[in-house]
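First comes the structure, then the notes that go with it.
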Amino acid sequence: MKSHGLKFKKKWGNFHKWVLFIIIIAMTIYLEKTGFFEELIQLIGNFGVIGVFISGLFFAYSFTIAPAIVMFVYFANSINPFIIAFIGALGTTAGNLIFFNFVKKDLPDEIEEIIKKTGIYKLKKSKFRWLIPGIAGLIIAAPIPDEIAVSLLAIEDFNHNLVMLFSFIFSFFGILFITLITTFF
């Protein structure tokens, strides 16, 4: 029975995770069109900056990043973008630190496989090792999942304090960019 499961995993890999990711993005778009997020923001808005912090936690993970971006956009209508970026970055840093603790114990197979396929793992042993923190920082700042960036920092043996610093600074600028764009357009 186990061999059948291994054959399935080998053939389909992480297909189910990608399907789930696409479904979540589609649901996020649908819920945004129906006004669900406006109601959610009003509800979370009663919590003020705590709602922004929760959005920051969501911003750190692949399956919740799309709703987090929508929530930041809605918050930008009523809260200063710099406050959103600061509080949201605190939430993202907390989320990344939680993930970092898991990664330090055991790097998830999917992420390790991605890192090995892209050749980033070879950077650790090369003279371009100094690029790893920069690559991780760009990933954290971009509105894409932070799991790969945090895994890179774990591979590079960053300590908790450096991960927190990196995560906060780059998340701050990424969230600030998102909220400033939405206030101008």
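Just so it is clear, none of the values below were taken in a lab; they were calculated from the coordinates. This is a predicted model, so every value here is computed, not measured. Cβ placement follows ideal geometry from the backbone for every residue including glycine, while neighbour counts extend to all protein chains displayed.
Quick look at the values:
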quantity: Highest to lowest packing among 129-135, 55-61, 80-86, scored as the average C-beta count within 10 Å; calculated: 55-61, 80-86, 129-135
quantity: Share of pairwise Cα separations in the stretch 19-80, more than 15 Å, in percent; calculated: 47
